1. Any idea how far apart Ser2 and Lys38 come out in nm if each label point goes 7 Å out from Cα toward Cβ?
2. Taking a temperature of 4 °C and a viscosity of 1.567 mPa s, what whole-number D in µm²/s does Stokes-Einstein yield for region 1-55 with Rh from Kirkwood over alpha carbon pairs?
3. Tell me the per residue accessible area of region 1-45 using a 1.4 Å probe; a whole number in Å² is fine.
4. What are the residues whose amide H is under 5 Å from the amide H of Cys32, where those residues sit 5 or more places off or on another chain and H is modelled from the backbone?
Amino acid sequence: MSKGDKYVKLVEWSDEDHCFIGSCPELFYGGCHGQDPKAVFAELCEIIEDTIEVYEREGKALPEPLSGREFVNALQGAA
């Protein structure tokens, strides 16, 4: 398991952009996009790992990962 495996990964359709958008709420929004959701997810996973490497290289603390359950509970509380 990599450090990136603990972060929430979202791939969702954007009507505005007419493509799928991949993001990781803890690290960044709108990190990648494309027409194939599986390809967007794969690229998103790579971007997450690259982002973690940058954080570590610059000596920055990584944001606390949200587990799936914590993420869903946070969304339900906001509704």
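1. A separation of 1.9 nm, rounded to one decimal place.
2. Values: Rh = 11.1 Å.
The estimated diffusion coefficient comes to 116 µm²/s.
3. Values: 2810 Å² over 45 residues.
That works out to 62 Å² for each residue.
4. Long-range HN contacts for Cys32: Gly22.
The values are calculated or read from the model by the stated rules, or taken from the named source; none is laboratory data. The structure presented is a predicted model; accordingly, all values stated were derived computationally and were not measured. All Cβ positions, glycine included, derive from the backbone under ideal geometry; neighbour counts span all protein chains shown. The protein model used for the area step is the full one, side chains on, heavy atoms only, and it has no ligands, DNA or RNA in it. Shrake-Rupley method; radii C 1.70, N 1.55, O 1.52, S 1.80 Å.
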